[in-house]
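Read the structure below first, then the notes.
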2 protein chains.
Amino acid sequence: MKKNYKFTISYDGTRYFGWEHQPDKETIQGKLESVLEKMCGEFTDVIGAGRTDAGVHAQEMVANAVFESDLEPDEIRDYFNRYLPEDIRVLEVREASPRFHARYKAVGKTYRYTCFDGPVTPVFDRKYLTAVDTVLDVEVMRKAAVFLEGEHDYKSFCGNSRMKKSTVRVVDSIKIQRNKGYVYFTFHGTGFLQNMVRILVGTLLLVGKGEIKPETVVEILEAKDRKAAGPTAPASGLCLMKVDY
Amino acid sequence: MKKNYKFTISYDGTRYFGWEHQPDKETIQGKLESVLEKMCGEFTDVIGAGRTDAGVHAQEMVANAVFESDLEPDEIRDYFNRYLPEDIRVLEVREASPRFHARYKAVGKTYRYTCFDGPVTPVFDRKYLTAVDTVLDVEVMRKAAVFLEGEHDYKSFCGNSRMKKSTVRVVDSIKIQRNKGYVYFTFHGTGFLQNMVRILVGTLLLVGKGEIKPETVVEILEAKDRKAAGPTAPASGLCLMKVDY
């Protein structure tokens, strides 16, 4: 009998073309689906909580898949980890209710963006951060972040210019913390538009470098125009931390 | 006028053939010397505190070099970081006394070896640890470690079978700590033989897996024979943390 399984997955997105399967390209979903096909003998969809862009990492992405297996959940996890490349790991497999759907049932997501503004970029996590050549003013970025929190039309922060659906989202919190040269931006919201976290960070960095004032982000929000916002910050600094259900 | 400069260097050793320069091979010393040659216009030795093996990392390796430059120490650091690959970083450059010698003046070194014995190897630091397939008994390894501390002839733990000089060394402390699935082995001593830390870890892992008793390490020490000790643990888990002067 087919069952619905919930997967928690961690990956280093550096060498991948993002989550979503694409012909002839290495993607996270593609890798998972090919292991699942090997295990089940037939192609089975792996449904992710969302799509991460090329180069973006995940501490705990959630996915589900419906298939038949005699293996226990921990054995399924071990089977995946035996055949997956070492930059993708299945952390946990659990049997879920038949109604569980990784995308539709997600009620919140936490993303973290890591910058480093010290004089020497650290060697060991160089692939998981974005080096910034100006010392960032965390206080002014926090002021700007307050304007960006809440329910807003984030059209200015949407990377998809042909987006036809609503660009209104709720970002309940944006926290900015410094630990020596590391500056962490933590976003929690019900959902995010394409590139939205990276454009928010790209805009906050303009504030942190003194290039625009914190209040300017209000005008950027109101412009509802991608060109009003800052650049899209590089993918390497972004990590999907957690999905809430 | 030539001055003596002290360098503190961090590197991810994964893709290098170790510290020491070798013709036609990528090494840390080789990379540093080629940047220094570019800067000074002539070949100049970069003297390291010691030689790390292929694949071994360093949090803070120390080196010195004698050369003439109009640049300030921080500018020398930035010059190096501009031309070095991103897996090698010069953390600090300081002018040192003419008598400072990174190898001869070193009085102690700290190495850390990282194992992971949980069910799923972490993605983000996978290159800086060694995954172990048995849950390690930290208590028995600590008992064994006590026998390995002190001044001993570590011939059984020397990877160089043709070593003609004394194999007596002082290891003042071996600390073993667990943090969830991570098990850290921290060694401090005045000096270490070739592969010594990795063979000590390989032997302690036999104890931790229950394959030999803690007391057996006394016999291994007394045997003064490489064949008596455990295998050489993989390079990836080892990191030179600090050099004392």
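The values are calculated or read from the model by the stated rules, or taken from the named source; none is laboratory data. This is a predicted model, so every value here is computed, not measured. Using ideal geometry, Cβ is built from the backbone for each residue, glycine included, and neighbour counts are taken over all protein chains shown.
Can you tell me which residue among A:Glu92, A:Glu60 is closer than 15 Å to A:Asn4 by Cα and acidic (Asp, Glu)?
Within the list A:Glu92, A:Glu60, the selection yields A:Glu92.
Within segment B:13-43, which residues are of a type in the set (Ser, Thr, Tyr) and in a loop (DSSP other than H, G, I, E, B)?
Hits for segment B:13-43 are B:Tyr16, B:Thr27.
Taking A:Ala63 as the residue in question, decide whether it is within 14 Å of another protein chain (Cβ to nearest Cβ) and under 18 Å from A:Arg103 (Cα atoms).
No; evaluated as a whole, the condition is false for this residue.
Is it true that some residue in segment B:168-180 is modelled with pLDDT under 95, away from chain A (no Cβ under 14 Å) and surrounded by 14 or more Cβ atoms within 10 Å (Cβ to Cβ)?
No: zero hits.
Got a sec? Which of A:Lys143, A:Lys165, A:Lys155, A:Lys127 is in the same structural domain as A:Leu240 (by TED's automatic domain parsing) and without any contact (Cβ under 8 Å) to a residue 24 or more places away in the chain?
Just a single option satisfies the conditions, and that option is A:Lys165.
Tell me the residue from B:Phe100, B:Phe43 that is touching a strand residue (DSSP E or B) at 6+ places or on another chain (Cβ under 7 Å) and more than 14 Å from every other protein chain (Cβ to nearest Cβ), please.
It is B:Phe100.
Quick one: which residue in A:Thr14, A:Thr44, A:Thr27 is hydroxyl-bearing (Ser, Thr, Tyr), touching a Leu at 6+ places or on another chain (Cβ under 6 Å) and either under 22 Å from A:Arg126 (Cβ atoms) or surrounded by 15 or more Cβ atoms within 10 Å (Cβ to Cβ) (or both)?
A:Thr44
Pairs only if they're at least six apart or on different chains, beta carbon under 7 angstrom, first in segment A:198-225 and surrounded by fewer than 19 Cβ atoms within 10 Å (Cβ to Cβ), second aromatic (Phe, Trp, Tyr) and assigned to a helix (DSSP H, G or I); list them, first residue then second.
Going by the 7 Å Cβ cut-off, the qualifying pairs are A:Val218/A:Phe147.
Filter segment A:43-70 down to the residues that are without any contact (Cβ under 8 Å) to a residue 24 or more places away in the chain and over 24 Å from A:Asp12 (Cβ atoms), then identify the one that is farthest from the chain's Cα centre (by Cα).
A:Asp70
If I go through segment B:1-33 residue by residue, how many of them are touching a residue at least 12 places away in the same chain (Cβ under 8 Å), farther than 19 Å from B:His101 by Cβ, more than 14 Å from every other protein chain (Cβ to nearest Cβ) and not hydrophobic (A, V, I, L, M, F, W, C)?
1
Name the single residue, out of those in segment B:226-242 being part of a loop (DSSP other than H, G, I, E, B) and in contact with a helix residue (DSSP H, G or I) (Cβ under 7 Å, 6 or more places away or on another chain), that is surrounded by the fewest Cβ atoms within 10 Å (Cβ to Cβ).
Here the answer is B:Pro231.
Take the residues in segment B:116-140 that are within 28 Å of B:Thr190 (Cβ to Cβ) and under 21 Å from the mean Cα position of the chain (by Cα), then tell me which one is farthest from the other protein chains (Cβ to nearest Cβ).
Only one residue fits best here, namely B:Thr130.
Is at least one residue of segment A:148-159 among the basic types (Lys, Arg), buried (at least 18 other Cβ atoms within 10 Å of the Cβ) and within 14 Å of chain B (Cβ to nearest Cβ)?
no
Residues that are within 18 Å of B:Phe192 (Cβ to Cβ) and surrounded by fewer than 18 Cβ atoms within 10 Å (Cβ to Cβ): does segment B:58-75 have at least one?
Looking through segment B:58-75, at least one residue is within 18 Å of B:Phe192 (Cβ to Cβ) and surrounded by fewer than 18 Cβ atoms within 10 Å (Cβ to Cβ).
Among the numbered conditions (1) without any contact (Cβ under 8 Å) to a residue 24 or more places away in the chain; (2) surrounded by 15 or more Cβ atoms within 10 Å (Cβ to Cβ); (3) not assigned by TED's automatic domain parsing to the domain that holds A:Gly237, tell me where A:Arg82 comes up short.
In the conditions (1) without any contact (Cβ under 8 Å) to a residue 24 or more places away in the chain; (2) surrounded by 15 or more Cβ atoms within 10 Å (Cβ to Cβ); (3) not assigned by TED's automatic domain parsing to the domain that holds A:Gly237, A:Arg82 misses (2) alone.
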